[in-house]
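Structure, as structure tokens:
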Amino acid sequence: MSETTTPSTALPEISVSADKVTSVDTEPKNTFELRNVNVFYGDMLAVKDVSMAIPHNQITAFIGPSGCGKSTLLRSLNRMNDLIPGARVEGDVLYHGMNMYGPKVDPVQVRTVIGMVFQKPNPFPKSIYDNVAFGPRLQGRNGNLDDVVEEALRGAALWDEVKDRLKDNAYGMSGGQQQRLCIARAIAVQPDVILMDEPCSALDPVSTGRIEDLMVELKKTYTIVIVTHNMQQAARVADRTAFFTVLANDETGSRTGVLVEYAATTKIFSKPDDERTENYVSGRFG
Amino acid sequence: MSTSVVSPGASSGGAPIRSLEAPGPRIGEKIIKAVLWATATLSILVTTGIVISLLLPSIGFFQQVSIWEFLTGTIWAPAFANPSYGVLPIVVGTLTVVFFAILIAVPVGLASAIYLSEYASKRVRKTIKPILEVLEGLPTVAIGLFAFNVLTPLIRELTPFLPWTGPFSIGVAGITVGLLIIPLVASVSDDAMRSVPASLREGAYAMGATKFEVAIKVVVPAAISGIIAAFVLGISRAIGETMVVLLVAGAGNPVLSFDPTKGTQTMTAYIGSTATGDISQGTITYDSIFAVGALLFLMTLAMNVLAMRLVKKYREVYD
Ligand SMILES: Nc1ncnc2c1ncn2[C@@H]1O[C@H](COP(=O)(O)OP(=O)(O)O)[C@@H](O)[C@H]1O
Ligand SMILES: [Mg+2]
């Protein structure tokens, strides 16, 4: 994944149709292409019929009321759903045109290419250094990892704060530092994509601001998909925003998440096509 | 426990002003505290009583046998016409049992715990866990008989190249004790590993760790204090195990030997086989039981202290 020149203005405004997706054969502008994706937990359809394209080296935000399947869809992008017994994905999830759920695809390998940062900072109860070195060591890189660790910590804007206490336990850090450590840990694996599931929801505004700045910096190198319940955050950092909602079936009592509208963030927040989007972003809903 | 709380609120104008004082003396609270204190103290008193009851007769023993002779002597023959009180042979017997028990129970117990906590489906775990807990409580005399009847001949047959002699073997006793404590080690380690938060596992998976890497590099290190506690519990049981050792290693004359194919006594086996009806109080043989008991107590204590140190050093603290 070298730098590609992706003119951000050239992105399609409306959700990408299946025809358009298949016709992509020039520059790989889209990291992910989803076609009619359904995600189930056992018999329960949690996310229904999502089709969208997630552009390369951009920040794409998933917003919507809680329970609409944002996390579920995000976790289908690096096969974290495989870890939940009974979870199942239908439809096509393409990563640079490759079917992520194809028979030869190894979920473990997938996650080295597509990393993830979680809602609650979850550093390992090890030293700061060992946290960052964890991924490289998994990949068989032993010996001196000082350079790798420093680079990842710099990448996560954490180096200056921790360079003198790399051997300290990660749990001695503040929540915001812990979350940036988790980002450093993800970077150290050298992924192409970083998925973030409400990465700031457990953080104070100052730490949140830092992580948002960091995301903008990181998108030069990585494709970022972020779930957020904070609409201002989506408006501040995301290039494109997808709004999801929940449809409740009164007869069966089931609740299913659907993609309502997906477009450039400015459009979603200024003149959305769908009334439900408008109501949500203006705070009249949820 | 306090009953009928009546608010003494004096109303003044609008809303009644409610008192901030305690409505009563809260007697129940004090009684409960006293009862809890008493139970806690009781367990300390009992332990102290055990120590004292071990120490007092030991003092009588050490007035006749020097501590040096006791700890360094290599012949243990307290009931002989020409008695000798070197405790080393039965200490070595105990250590041999512990060695073989660890050799069996630590790897197998840990592997079982990893399987149970990380690999087994909910259904499998729900079936196995209670079985383990039942196995923990199996009467050791039954296990000893099984080992003597089945395990000893089997091991002999499988290892014809070893210099087996009589029907007894301290090594087989150690292996049996190891088998005996596997359920305990597995069950307690499993509890420790399952209390590791799922978010840590997710974090490792998200970096491309395999299931086994998650177990070995994240879960086991995070649960290490609980796992060491499981080992200590297991080893303490191995040190204290009497019945199996009596049956499988025999209660024959102890000789200072590191040969696991021979029968010998352990410290507990000596106590168990000597403290029978026809031993009279006040004799030196009688007192020797308590000296051995006191040493056993010290060894277990030392191991627990060591384990606490280890736990403190290697513990990975998460909150
Ligand atoms: N592990 C799971 N097992 C079963 N159902 C789940 C699981 N995780 C989420 N769900 C259900 O899937 C739906 C979507 O959840 P989620 O993706 O977490 O929504 P969001 O992140 O938008 O709040 C919810 O109804 C939720 O109850
Ligand atoms: Mg969520």
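The values are calculated or read from the model by the stated rules, or taken from the named source; none is laboratory data. Small disclaimer: the values here were computed from a predicted structure and weren't measured. Cβ sites come from the backbone with ideal geometry, for glycine too, and all protein chains shown count toward neighbours. Heads up: the accessible areas ignore ligands, DNA and RNA and are worked out on the full protein's heavy atoms, side chains in. Shrake-Rupley method; radii C 1.70, N 1.55, O 1.52, S 1.80 Å.
Each residue in region B:222-259 was checked for being under 23 Å from residue B:90 (Cβ atoms) and either among the small types (Gly, Ala, Ser) or not in a helix (DSSP H, G or I) (or both), and 17 of them qualify. For region B:196-224, a tally of residues being surrounded by 18 or more Cβ atoms within 10 Å (Cβ to Cβ) and either touching a strand residue (DSSP E or B) at 6+ places or on another chain (Cβ under 6 Å) or among the small types (Gly, Ala, Ser) (or both) returns 8.
For region A:132-149, which residues satisfy the criterion of being open to solvent by less than 20 Å² (accessible area, probe 1.4 Å) and within 9 Å of chain B (Cβ to nearest Cβ)?
So in region A:132-149, the residues open to solvent by less than 20 Å² (accessible area, probe 1.4 Å) come out as A:132-136, A:145, A:149.
Once the filter is applied, which keeps residues that are open to solvent by less than 20 Å² (accessible area, probe 1.4 Å) and within 9 Å of chain B (Cβ to nearest Cβ), region A:132-149 yields A:134, A:135.
Okay, residues lined up against (1) open to solvent by 70 Å² or more (accessible area, probe 1.4 Å); (2) modelled with pLDDT under 95; (3) of a type in the set (D, E, K, R):
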residue	(1), (2), (3)
B:116	no, no, no
B:126	yes, yes, yes
B:131	yes, yes, no
B:152	no, yes, no
B:161	yes, yes, no
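Taking the numbered list (1) outside any strand (DSSP E or B); (2) near ligand 1 (Cβ under 10 Å from one of its atoms) in turn, residue A:47 passes all entries but (1). Annotation: of all residues in region B:283-319 being within 14 Å of another protein chain (Cβ to nearest Cβ) and part of a helix (DSSP H, G or I), the one that is least open to solvent (accessible area, probe 1.4 Å) is B:311.
Screening residue A:127 on (1) within 13 Å of chain B (Cβ to nearest Cβ); (2) within 18 Å of the chain's Cα centre (by Cα); (3) open to solvent by less than 20 Å² (accessible area, probe 1.4 Å) shows it passes everything except condition (2).
Please work out if residue A:161 is touching a Lys or Arg at 6+ places or on another chain (Cβ under 9 Å), in a helix (DSSP H, G or I) and away from every other protein chain (no Cβ under 14 Å). Spelling it out, residue A:161 is indeed touching a Lys or Arg at 6+ places or on another chain (Cβ under 9 Å), in a helix (DSSP H, G or I) and away from every other protein chain (no Cβ under 14 Å).
Would you point out which residue out of A:234, A:242 is part of a helix (DSSP H, G or I), surrounded by 23 or more Cβ atoms within 10 Å (Cβ to Cβ), within 16 Å of ligand 2 (Cβ to nearest atom) and more than 14 Å from chain B (Cβ to nearest Cβ)? Lay out the reasoning, then the answer.
On the way: A:242 fails: part of a helix (DSSP H, G or I).
Exactly one of A:234, A:242 is part of a helix (DSSP H, G or I), surrounded by 23 or more Cβ atoms within 10 Å (Cβ to Cβ), within 16 Å of ligand 2 (Cβ to nearest atom) and more than 14 Å from chain B (Cβ to nearest Cβ), namely A:234.
Name the residues in region A:55-77 that are within 23 Å of residue A:201 (Cα to Cα) and either assigned to a strand (DSSP E or B) or more than 11 Å from ligand 2 (Cβ to nearest atom) (or both), would you? Lay out the reasoning, then the answer.
Looking only at region A:55-77, we keep the residues that are within 23 Å of residue A:201 (Cα to Cα), and these are A:58-77.
Selection gives A:58, A:59, A:60, A:61, A:62, A:63, A:76, A:77.
Only residues that are at the interface with another protein chain (Cβ under 7 Å from one of its Cβ atoms) and not in a helix (DSSP H, G or I) were counted across region B:193-221, and they come to 5.
Here are A:71, A:66: which of them is more than 14 Å from every other protein chain (Cβ to nearest Cβ), of a type in the set (Ser, Thr, Tyr), closer than 30 Å to residue A:269 by Cα and within 14 Å of ligand 1 (Cβ to nearest atom)? Before the answer, list the steps.
Details: A:71 fails: more than 14 Å from every other protein chain (Cβ to nearest Cβ).
Exactly one residue qualifies, and that residue is A:66.
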